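Q: For reference, the structure I am asking about is given below.
The values are calculated or read from the model by the stated rules, or taken from the named source; none is laboratory data. Keep in mind that this is a model prediction, so the values were computed, not measured. With ideal geometry, Cβ positions are generated from the backbone for all residues, glycine too; neighbour counts draw on all protein chains shown.
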Amino acid sequence: MLHHVEIWVADLAASTASLGWLLTRLGYTVNSQWANGISYSCGEFYIVLESGPDAKKQRHDRLAPGLNHLAFHAGTRQDVDTLAAEALDHGFTLMFAQLHHSAMRHVGPTRVELGTRTIFNLLGPLSNPAGAKRQLLGVFSPRWLQPIAEVLRDLGSESIWVVHGDGMDEITTTGVTHVAALENGKIRTFDLTPKDFGVSSATIDDLKGGDGIFNAKALRGVLSGHKNAYRDVSLCNAAAALVVAGKAETLSEGMKIASASLDEGKAAAALDRLVAVSNEE
């Protein structure tokens, strides 16, 4: 039985404003409050929000701001929908695809029930409400490279790379990446290998992730300039994206720009800004 949850936060006031209303609606009451924290209880279970200098040093994972997943018993589906609607007024942002595009909300539950790939794995990126004209897009099978590139062309895209690498929907360093590129209204296909990016080949095991904590460490490591297989594959995808975006003429130039972003701390700073903005009211 779960006893309590401690959530280390960078901004106690903002986190209390963001979560306090929800906890109150779910039946929690303020149990205790101190300079750097507040505790909410419901029966024998309690939740602590705590800040202070230690939470910002990031010297130990347990003290890092944030929590990967937190689930509450909220009642019926209607109760959940009501809370989700109210959450927008308290600093929350709903990030599920079916909530970004009205049509997708009707197919989401069915996709989950099927438990296998469907055409909606392809339709999701094609119905992106952002209307992006330049995209680096991965597909789960090479058979979809050409069709997806053609659809994006017909939808008015300007520059597109649709990629599939060694069983993955991204550019890979484990083997050959197949590409269908939309350039100046025409589609051409070609293959890429790690050599084209100037990096060493990797194995699937080199690129495997783990749980949330492991993956967060790996991401921070890449952004901190650590040299490993994660960095190489990240740079390859970033370099291609820079070419598609028109920010680099060649993959070599894209690799230099992406490497500089990591080594000079620009990428890490961008993530920190994103974290800060996402916590603003």
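Q: Restricting to helices (runs of 4 or more DSSP H) lying wholly in the stretch 142-228: which have 1 or more residues that are over 22 Å from the mean Cα position of the chain (by Cα)? Please lay out each step first, then the result.
A: On the way: elements: 145-154, 194-197, 204-207, 212-223.
Fully inside the stretch 142-228 and qualifying: 145-154, 194-197.
Q: In addition: For the stretch 1-52, give me each residue that is of a type in the set (Phe, Trp, Tyr) and part of a helix (DSSP H, G or I). Spell out how you get there, then give the answer.
A: The first filter runs over the stretch 1-52 and keeps only residues of a type in the set (Phe, Trp, Tyr), leaving 8, 21, 28, 34, 40, 45-46.
21 - this is the single residue of the stretch 1-52 that is of a type in the set (Phe, Trp, Tyr) and part of a helix (DSSP H, G or I).
Q: Another one. For the stretch 104-156, which residues satisfy the criterion of being within 15 Å of residue 170 (Cβ to Cβ), at pLDDT below 80 and crowded, with 17+ Cβ neighbours inside 10 Å?
A: 125
Yes or no, residue by residue, for (1) of a type in the set (Ser, Thr, Tyr); (2) in contact with a Phe, Trp or Tyr (Cβ under 9 Å, 6 or more places away or on another chain); (3) under 13 Å from residue 237 (Cα atoms):
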position	(1), (2), (3)
140	no, no, no
145	no, no, no
152	no, no, no
170	no, no, yes
180	no, yes, no
186	no, no, no
197	no, no, yes
204	no, no, no
211	no, no, no
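Q: Looking at the stretch 183-228, which of the residues that are among the aromatic types (Phe, Trp, Tyr) and exposed (fewer than 14 other Cβ atoms within 10 Å of the Cβ) is nearest to residue 134 (Cα to Cα)?
A: 190
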